[in-house]
Amino acid sequence: MQVLQIKPTENVSVDQDRLGALYSQLGAVSAEDVVCRALEELALRMSHCEKLYRAGQWDELRKNTRSLIAIADQIGMRALSHVASDVTDSIDQGNGVAVAATLSRLMRVGDRSLSAVWDIQDITI
């Protein structure tokens, strides 16, 4: 018997126009500071999402996930924002299976999105 292991990957992109606008509005140094703080906050909140899910704290998970949407939108992470919205919709519907699935996807998209922004920051915007 063969066992097939599926490793889903997520295509993510960063809205470079949004990042460019942020850099134009704030200047390079301030924008870089905002982006770095946003990335740190996203990483912390994603980790917190997993803990809240395991603890069954749905209301707090929803609040935490909603905050991910605003932060992701600020720095042009549209895919992350969209998937975080799917998580909150699943929580609102009371669908535990959907919450588990969308939260898992949120972690994949979040990890790839964080990497994508770090890669962009290595390039001059």
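The values are calculated or read from the model by the stated rules, or taken from the named source; none is laboratory data. This is a predicted model, so every value here is computed, not measured. Neighbour counts run over all protein chains shown; Cβ positions are idealised from the backbone, glycine included.
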Top-ranked residue of the stretch 32-57 - restricted to ones that are crowded, with 16+ Cβ neighbours inside 10 Å and in contact (Cβ under 8 Å) with a residue 60 or more places away in the chain, ranked as farthest from V14 (Cα to Cα) | M46
So, in the stretch 9-32, of the ones that are more than 11 Å from M77 (Cβ to Cβ) and charged (D, E, K, R), which residue ends up nearest to the chain's Cα centre (by Cα)?
-> E10
Restricting to the stretch 58-73, what's the tally of residues that are crowded, with 18+ Cβ neighbours inside 10 Å and under 20 Å from V34 (Cβ atoms)?
-> 4
Has the stretch 78-88 got at least one residue that is surrounded by fewer than 18 Cβ atoms within 10 Å (Cβ to Cβ), over 20 Å from S13 (Cα atoms) and at pLDDT 95 or above?
-> no
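It is to be established whether one or more residues within the stretch 50-69 are touching a His at 6+ places or on another chain (Cβ under 6 Å) and under 14 Å from L106 (Cα atoms).
The initial filter retains those residues of the stretch 50-69 that are touching a His at 6+ places or on another chain (Cβ under 6 Å), namely 64.
From the residues that got through so far, the ones that are under 14 Å from L106 (Cα atoms) too are 64.
Yes, there is a match, as at least one residue in the stretch 50-69 is touching a His at 6+ places or on another chain (Cβ under 6 Å) and under 14 Å from L106 (Cα atoms).
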